[in-house]
Amino acid sequence: METFKYDNKIVRAFIIASVFWGIIGMLVGLYVSLELLWPNLSASLPYLSYGRLRPLHTNAVIFAFVGNVIFFGLYYSLQRLCKARMYSDLLSWVHFWGWQFIIISAVITLPLGYTTTKEYAELEWPIDILITLVWVIFAINMFGTILKRRERHLYVAIWFYIATVLTVAVLHIVNSLEVPATFMKSYPVYAGVQDALVQWWYGHNAVAFFLTTPFLGLMYYFLPKAAERPVYSYRLSIIHFWALIFIYIWAGPHHLLYTSTPDWVQSLGTVFSIMLIAPSWGGMINGLFTLRGAWDKVREDPVLKFMVVAVTAYGMSTFEGPMMSLKSVNAISHFTDWTIAHVHIGALGWNGFLSFGILYWLIPRLYNTKLYSIRLANTHFWIGTLGILFYAIPLYWAGFTQSSMWNDFTADGYLKYPNFLETVKQILNFYALRSLGGTLYITGVVIGAFNLWKTASQGAYIGDEEACAPALEKNYIPHTGTHWHRFIERRPVQLSILSLIVILIGGLVEMVPVYLIKSNIPTISEVKPYTPLELQGRDLYIREGCVGCHSQMVRPFRSETERYGEYSKAGEFVYDHPFLWGSKRTGPDLARVGRGNKGAKPDSWHYMHLLDPQSTSTGSIMPSYPWLTESKLDTTTTAAKIKALRSVGVPYEEGYENIANKDLMKQAGIIAKGLQKEGYAVEADHEIIAIIAYLQKLGADIHNTKTVSK
Amino acid sequence: MSVIIILILVSILVASVFLLAFFWSVKTGQFDDTESPAVRILYNNNSVSNETKPSDTASNSKDPSKTQS
Amino acid sequence: MKNLNTDSTHQCYHCGDTCKTGNTRIEGKFFCCEGCKTVYEILQQNELCNYYNIQEHPGFSLRDRKHASHFEFLENPELAGSLLSFKSETLHIVQFYVPKIHCSSCIWLLENMHRLNESIILSQVDFIKKEVTVHYQPQKISMHKVASLMSKIGYEPELNMQQAGVPKKTKYNRQLLYKIGVAGFCFGNVMLLSFPEYVSSGHGIAEKEFVTLFGILNISLALPVLFYSASDYFINSFKSLRQKYFTIDIPIALGLAAIALRSLFDIVSGTGPGYFDSLTGLVFFMMIGKYLQDATYNTLSFDRTYKSYFPFSVRVRRDKNIVLKKVAEIRIGDKLYIHSNEIIPCDAYLLSDQAFVDYSFVTGESESLEINCGELLYAGGRLKGQSVEVECSKPVSQSYLTQLWNNEVFTKPQPLMGYSLIANTITKYFSIVILIIASASLVYWYALDEARIATNSFTSVLIIACPCAIAITVPFVWGNIMRLLSNDGFYAKHSKVLEAISMCDTIVMDKTGTLTMNQPVVHSYHGKELSNQDLILVSSAARQSIHPLSRAIYNYYSDAAIARVDSFQEVTGKGIEASIGENIVLIGSTSFIFNTNEVEHTSCQTQVHISINGTYKGYFVIEQHVRESADTVLPRLNKRYKVYILSGDKSGTGKAFEKYISKEQILLNQTPQSKLNFIRNIQSKQHKVIMIGDGLNDAGSLKQADVGIAITDDLLHFTPGSDVIMNASLLSHLDKILSYSQFGRKLIYSIFAYSLIYNIIGMLFAIQGKLSPLIAAILMPMSSLSVIAFSYLGTWLKSRQVLRSKI
């Protein structure tokens, strides 16, 4: 018998962090949802503008809230499943503070406009490196614990944890390969279509391996614990795991249906997404059936209530997802609020409710006491459920409404709602309801936090919980004949080594295209690299997070070609580092707003529109960007940016960086003059000029090809 | 679309790592007994201070392992 | 003075049985017997009562634990050593087989044994194998102590001659798991690489270098599936070809080979993406099928020989002092001490002056025999009454009982076991037809000088011909039926056993223990009402004798309190006389009670009369109890099968069955050998026979029969080697089970007919040489999956109406 201590301190630390960041992240979400109702809520403060805060919301809830939940759940259950303390307290705490530091740096940099615009990977390169380091430390700590465990069997939950650690590492590295131009500014090595593919290969699997697999692990540990009965079928859970692992990885392209990605890649995404229903529902059934014969318990125990709704939500969204990846459905749902509703079923239901279910179970045990108030917990449950409904239903409705309006034609074949704004005005009420739903949900969370805090303060907390278990004998020869211990000792090491190898290979393999960037995308001769001014403008477009509301991808539907113009070709994006296709149209698509295109606007219009959107388009919910006219364009970075882009294959001639700014000034001067002629007091060296230049470039080349070909 | 090759290679690589893991776990009999592990996790057998069970009211009366050390 | 009529509504807190008496209770918890109470007390002292919270009444009743095994022999280091799986100064590890493990509570309690005794370091349960691995410190505690501790808390390790020496080998089939893993992994990735070519609504992959790359990857992923996962099909078909015997493996191997070669050709020649996704998919599904089929019950052992019936060791006198010896090591002339209720391990002469031996399990004779000094005792008999000393006349291996196992039925190999007759017969014709079609199309196209299409269509037909649907259906159907039946207590050794059952037309049943209970029981009491006082007197008197009839009476009143018996005397074959206090109790035949000497009428019923202090009270009717299930099921079986009943008895209860089946179907005075011959005889008349028996005496016939069903009241108790172990309570549903198995056969036929549709559709494309990978990729998995679905639904739905409603 060896006596040892479970480390509850680290668990508590992560718990506190998760609840804290959870509330923050959700509040940010609520705030941005309100900005859609009152566009100038941010009082023209750049740091609070919608475009900059939205990524903060997603990052905060995913990596700060869910992330910390994963860690406290994992640090609690792994220690007990392995009958061992975490491998190293030092690593545990480095992991904790490292992760919190990453979050804080996100909280600072995102409002400042430092973003890569790649969804769920917005953070810039220095932070990316930090994430990798912290994650590796976490991995070592986890495999170390598995290594020195006192329980021979690896419970299925541990397998889900292992999957998470390995895969997230690989995904993060593959997707974040970028060439730094300046400190806090980098360009991804891939361009356009390729960038899109990598991004959504990552994006989907981030959902899979950050929001799903670890939580399934938690479910398989905490649900049976809370229900005090073993999981319905342990065999099924094992099958569930391996099936999931072997097919999850390739469903990503379903985020790119009807885009310029190759047709077969899209179909691949669809097929694999459909196949995913099987394992996902296997998991849901296993979770729900665990409670068979315990429904009386569910009725009185809030913990189980939360978990039941969570598992159900998991089942719903894992069914809805594959449905949305059917091309016909996706044609309707994509770019609309349907997607937002879908992800929030998962986030609020599956992740949120499971997290709080676990917390309500765990805190009383950490503090050796009973829950402060069952009544409050139930209140939280009901308000939360109500919140989810108020959040999701209106958005589904909004999605359908807007989508159908976009595709509506009059009898004589014209768009019924040619003005995008009409379709927006239609759904504002739903947005209001959504904000209400969000408010309810957050209220619930706050009540929960209070309840947990009271519970904690009434109990006595043991930082190091004493436990004892016999060590695994070194020279134990079981009846199976195989030498257990050897494997036990060697394999986890091998696993962790392998994980590193994988990470390295993943990295190396990724460097390859940097050199053989030759890509067989049909290049369009007229498509030219961005001029320095346009480039700077594009980076402003990125900084302000315009991509959050404006797509740049015209799908090959009549309704879209009628509205926006020629549908997008893969060849147009060969110089786009990163791609800016976007995944949501709160505003209209911008792929064809450039000069020469049908319905293109003069510079003056863009100038006015950016200063005060409502003046050019009444009822617009776009915020105004006064600071673009106030602040000067930082041209010192031009040279570095040109260099960086050349290194990833954009054909700027050698030495162009030295003269780039001259071209920049020239082009800026022309635009400024034009504006001044029309009586607008504007300086050539202001940011707004650059962004106008960029907007006028969008789709312009394609227009040229058409004129040329005529 | 050279990038797809890389993505596929990486995917297969990851999958094969898990295949290895699968071999290891079968070899070491991880999946031999598919019943007791599910039960074993329910009770912190070897925890010196047996965990209290605030949520279950039924067993409190009978269960003497409530006394905290 | 306890009263016997306490309301029997109380459930034993430990085992859940109804408590007849109120005399055992602690703090409001009732217990059916002292045994259960003791366990509770032990757990309570050690704060392990959580045991009772995990599951309601998790324990086993210890009331009628016939004979608590003794583990003294484990003190003998050599004997104990043979059980250890690991041995060092400070640590011993032993695996005990504990059949009683059945629920979460068991796992919890057994894994908490270190709380009962801190010298036990760790105890871990393997629920599937019902094994407990105990790590203990030899210097502090002996294996004997560990074993007795376990039986003290109601989990008695099973130790017998079988375990002596060889530690049990694991039964888990891991090879198959590896193969499934490989197949699954490759299947997944091959899909990933094959789909692009044809799932895309456009025209495949624009970029040609991908096509080649994917092709290469596909080949390299398919090879392991072909040569590792699917290897058995090739090996087996090769074997069976050499044996000149047709098995389903042949067409499967043919089909797989065809797919592989064709795909290889397509990819290399760049004419197509190949069919590797179909290939890997099929292999994967077939592996899964195999896995289900091979799923056996590690908890029950079907291949038991006499070895697992005999004790682990026996006490032998070596000049003056007693030593423990492994049974196998007994030599002629050894003097053995046999305690009451122990098994006589070898044929031996009785040295003590008298012994009662119960041979019912061995010979099928229900009455226990009285042996006098110098007479021969046969191995396998269970000693009743006081301990005796015997002298070994034959070593175990040659004793009367074990002769059975030298019979060739136990030695002759069964060549074609492991093949499904149905599948083979079906596929035989199927494949012939296919080959004809294939070659026909080949010839046809050649005639038209279409060499390309000719080979093309030929291979495609072979691909379609791969009878994977059957290969999947058969194991899924039987496997599922097997699982469903096991829920109700009918455990088949292997899924193919059920197929065999569905083919049988004759049923042979052993009487004693199968149709009747082994021990006689009191049927009823006739005469004056007995006061509690009287009851106590009667049961106390009966308790003194080990004669089956006396035991029957004693068991009938097992709850009654026991008074001290001052004097006791037994008149063999007549009755007993006991004086308790000032009371004189007479129990026995009329002649014994009234000192008349009229002849006892022999029948399946026996009357035992009582008089207390000279006054005649009345008589008990005691009978060889016929299972009520027998009455119900026999007529029904007799309708559809030819039923025979074999009995070891000279006379008696055989009559009881003449109301169901004709006299000549009931055979008495059967020795184990004659039973065996009888069955062989029927089989020679082209009948397929199901033998149903319980005792060692049936072992031979169980083996000889096409299907041997061992029947038992308690699945944990010893059963002779057999194909099926069946819970006795199921006897009355036997006919339903048999018809269920026949349903299984019908189902297989119909599913196969259904899957033919797929084959035909495919064939249409194939003969024109137009079987595109896409079509194959749709048809193949479709048929596999739908076949699996039908197998499950069919068996499950049927089971609901056949089993669940009745059992």
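The values are calculated or read from the model by the stated rules, or taken from the named source; none is laboratory data. Here the structure is a predicted model, which means the values were calculated and not measured. A quick note on method: Cβ atoms are made from the backbone with ideal geometry, for glycine too, and the neighbour counts reach across all protein chains shown.
Is it the case, given these coordinates, that A:LEU90 is in a helix (DSSP H, G or I), surrounded by fewer than 21 Cβ atoms within 10 Å (Cβ to Cβ) and more than 20 Å from the chain's Cα centre (by Cα)?
It is true that A:LEU90 is in a helix (DSSP H, G or I), surrounded by fewer than 21 Cβ atoms within 10 Å (Cβ to Cβ) and more than 20 Å from the chain's Cα centre (by Cα).
Determine the pairs where a residue that is touching a residue at least 40 places away in the same chain (Cβ under 8 Å) and under 16 Å from A:ALA467 (Cβ atoms), located within the range A:1-27, has a partner that is among the hydroxyl-bearing types (Ser, Thr, Tyr) and surrounded by 21 or more Cβ atoms within 10 Å (Cβ to Cβ) with Cβ atoms under 8 Å apart, the partner being 6 or more residues away or on another chain.
A:ASP7/A:TYR75; A:ASP7/A:SER92; A:ASN8/A:TYR76; A:ILE10/A:TYR75; A:ILE10/A:SER92; A:VAL11/A:TYR75; A:VAL11/A:TYR76
Would you point out which residue out of A:THR145, A:THR167, A:THR117 is at positive phi and either of a type in the set (Val, Ile, Thr) or outside any helix (DSSP H, G or I) (or both)?
On the way: A:THR145 fails: at positive phi; A:THR167 fails: at positive phi.
Within the list A:THR145, A:THR167, A:THR117, the selection yields A:THR117.
When both residues are 6+ apart or on different chains and their Cβ atoms are under 7 Å apart, which pairs have a first residue that lies in the range A:432-448 and is over 14 Å from A:ALA347 (Cα atoms), and a second that is polar (S, T, N, Q)?
A:ARG434/A:SER33; A:SER435/A:SER33; A:ILE447/A:THR379
Residues are listed down the side, and each one gets a yes or a no for (1) more than 19 Å from the chain's Cα centre (by Cα); (2) within 12 Å of chain B (Cβ to nearest Cβ):
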| site | (1), (2) |
| --- | --- |
| A:GLU178 | no, no |
| A:GLN194 | no, yes |
| A:TRP201 | no, yes |
| A:VAL207 | no, no |
| A:PRO224 | yes, yes |
| A:SER237 | yes, yes |
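On the given criteria, is A:VAL107 over 30 Å from A:TYR47 (Cα atoms), surrounded by fewer than 21 Cβ atoms within 10 Å (Cβ to Cβ), under 21 Å from the mean Cα position of the chain (by Cα) and away from chain B (no Cβ under 14 Å)? Before you say what the answer is, go through the steps one by one.
Numbers: over 30 Å from A:TYR47 (Cα atoms): no; surrounded by fewer than 21 Cβ atoms within 10 Å (Cβ to Cβ): yes; under 21 Å from the mean Cα position of the chain (by Cα): yes; away from chain B (no Cβ under 14 Å): yes.
No; evaluated as a whole, the condition is false for this residue.
Would you mind telling me which numbered condition in (1) touching a residue at least 24 places away in the same chain (Cβ under 8 Å); (2) part of a helix (DSSP H, G or I) A:ILE104 fails?
Going through (1) touching a residue at least 24 places away in the same chain (Cβ under 8 Å); (2) part of a helix (DSSP H, G or I) one by one, A:ILE104 breaks only (1).
Taking the range B:22-42 as the search range and keeping residues that are over 13 Å from the mean Cα position of the chain (by Cα) and among the aromatic types (Phe, Trp, Tyr), which one is farthest from the other protein chains (Cβ to nearest Cβ)?
Out of the qualifying residues, it is B:PHE23.
Determine whether A:TYR625 is hydroxyl-bearing (Ser, Thr, Tyr), under 22 Å from A:GLY548 (Cβ atoms) and not in a helix (DSSP H, G or I).
Working: hydroxyl-bearing (Ser, Thr, Tyr): yes; under 22 Å from A:GLY548 (Cβ atoms): yes; not in a helix (DSSP H, G or I): yes.
When the stated conditions are applied, A:TYR625 passes them.
Could you list, in sequence order, all residues of the range C:99-115 that are part of a loop (DSSP other than H, G, I, E, B), in contact with a Phe, Trp or Tyr (Cβ under 8 Å, 6 or more places away or on another chain) and surrounded by fewer than 21 Cβ atoms within 10 Å (Cβ to Cβ)?
First pass over the range C:99-115, keeping only residues part of a loop (DSSP other than H, G, I, E, B): C:99-103, C:111-112.
In the following step, the residues that additionally are in contact with a Phe, Trp or Tyr (Cβ under 8 Å, 6 or more places away or on another chain) were identified as C:100-101.
The answer is C:LYS100, and nothing else.
Within the group A:ILE332, A:ILE363, A:ILE383, which residue is part of a helix (DSSP H, G or I), touching a Gly at 6+ places or on another chain (Cβ under 7 Å) and among the aliphatic types (A, V, I, L, M)? Working first, answer last.
Values: A:ILE332 fails: touching a Gly at 6+ places or on another chain (Cβ under 7 Å); A:ILE363 fails: touching a Gly at 6+ places or on another chain (Cβ under 7 Å).
Residue meeting the stated conditions: A:ILE383.
Has the range C:127-143 got at least one residue that is surrounded by 18 or more Cβ atoms within 10 Å (Cβ to Cβ), over 30 Å from the mean Cα position of the chain (by Cα) and not in a loop (DSSP other than H, G, I, E, B)?
yes
Residue-wise test of (1) of a type in the set (Phe, Trp, Tyr); (2) crowded, with 16+ Cβ neighbours inside 10 Å; (3) modelled with pLDDT under 80.
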| position | (1), (2), (3) |
| --- | --- |
| C:LEU149 | no, yes, no |
| C:ASN160 | no, yes, yes |
| C:LYS169 | no, no, yes |
| C:ASN173 | no, no, yes |
| C:LYS179 | no, yes, no |
| C:GLY184 | no, yes, no |
| C:SER220 | no, no, no |
| C:PHE227 | yes, no, no |
| C:ALA230 | no, yes, no |
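Against the condition over 21 Å from A:SER273 (Cα atoms) and free of Cβ contacts under 8 Å to residues at least 40 places away in the same chain, how does A:TRP159 come out, does it pass? Steps first, please.
On the way: over 21 Å from A:SER273 (Cα atoms): yes; free of Cβ contacts under 8 Å to residues at least 40 places away in the same chain: no.
Taking the combined requirement at face value, the residue does not satisfy it.
Out of everything in the range C:86-113 that is farther than 15 Å from C:PRO157 by Cα and within 14 Å of chain B (Cβ to nearest Cβ), what residue ends up being farthest from the chain's Cα centre (by Cα)?
Step one: of the range C:86-113, the residues farther than 15 Å from C:PRO157 by Cα are C:86-92, C:103-105, C:108, C:112.
Narrowing the set further to residues that are within 14 Å of chain B (Cβ to nearest Cβ) leaves C:103-105, C:108, C:112.
Working: C:CYS103: 19, C:SER104: 22, C:SER105: 23, C:TRP108: 26, C:ASN112: 29 Å.
In this case the residue turns out to be C:ASN112.
Within the range A:155-162, is there a residue that is within 10 Å of chain B (Cβ to nearest Cβ), at negative phi and assigned to a loop (DSSP other than H, G, I, E, B)?
Yes: one or more hits.
Among the residues of the range A:321-342, are any aromatic (Phe, Trp, Tyr) and under 16 Å from A:TYR441 (Cβ atoms)? Spell out how you get there, then give the answer.
So the first thing to find is which residues in the range A:321-342 are aromatic (Phe, Trp, Tyr), and the list is A:335, A:338.
Checking the rest, the ones that are also under 16 Å from A:TYR441 (Cβ atoms) come to none.
No.
Pick out the one residue from A:PRO230, A:PRO188 that is facing another protein chain (nearest Cβ under 7 Å) and more than 22 Å from A:ILE137 (Cβ to Cβ). Break it down stepwise before answering.
On the way: A:PRO188 fails: facing another protein chain (nearest Cβ under 7 Å).
Of A:PRO230, A:PRO188, the one residue that is facing another protein chain (nearest Cβ under 7 Å) and more than 22 Å from A:ILE137 (Cβ to Cβ) is A:PRO230.
Identify the single condition in (1) surrounded by 17 or more Cβ atoms within 10 Å (Cβ to Cβ); (2) free of Cβ contacts under 8 Å to residues at least 24 places away in the same chain; (3) among the polar types (S, T, N, Q) that A:ASN661 does not satisfy, given that it satisfies every other one.
If we test A:ASN661 against (1) surrounded by 17 or more Cβ atoms within 10 Å (Cβ to Cβ); (2) free of Cβ contacts under 8 Å to residues at least 24 places away in the same chain; (3) among the polar types (S, T, N, Q), just (2) comes out false.
Out of A:PHE101, A:PHE160, A:PHE138, which single residue is surrounded by 20 or more Cβ atoms within 10 Å (Cβ to Cβ), farther than 17 Å from B:PHE18 by Cα and of a type outside the set (Ser, Thr, Tyr)? Let's see the steps before the verdict.
Details: A:PHE101 fails: surrounded by 20 or more Cβ atoms within 10 Å (Cβ to Cβ); A:PHE160 fails: farther than 17 Å from B:PHE18 by Cα.
After applying the criteria, what remains is A:PHE138.
In the range A:546-594, which residues are charged (D, E, K, R), assigned to a helix (DSSP H, G or I) and in contact with a Ser or Thr (Cβ under 9 Å, 6 or more places away or on another chain)? Even if it seems obvious, please write down each step before you answer.
To start, the set of residues in the range A:546-594 that are charged (D, E, K, R) comprises A:555, A:558, A:560, A:562-563, A:566, A:569, A:572, A:576, A:584-585, A:589, A:592.
When the remaining residues are screened for being assigned to a helix (DSSP H, G or I), the result is A:558, A:560, A:562-563, A:572.
The one that is charged (D, E, K, R), assigned to a helix (DSSP H, G or I) and in contact with a Ser or Thr (Cβ under 9 Å, 6 or more places away or on another chain): A:GLU572.
Identify, by number, the condition in (1) within 10 Å of chain B (Cβ to nearest Cβ); (2) of a type outside the set (A, V, I, L, M); (3) in a helix (DSSP H, G or I) that A:GLU151 doesn't meet.
Result: A:GLU151 fails condition (3) only.
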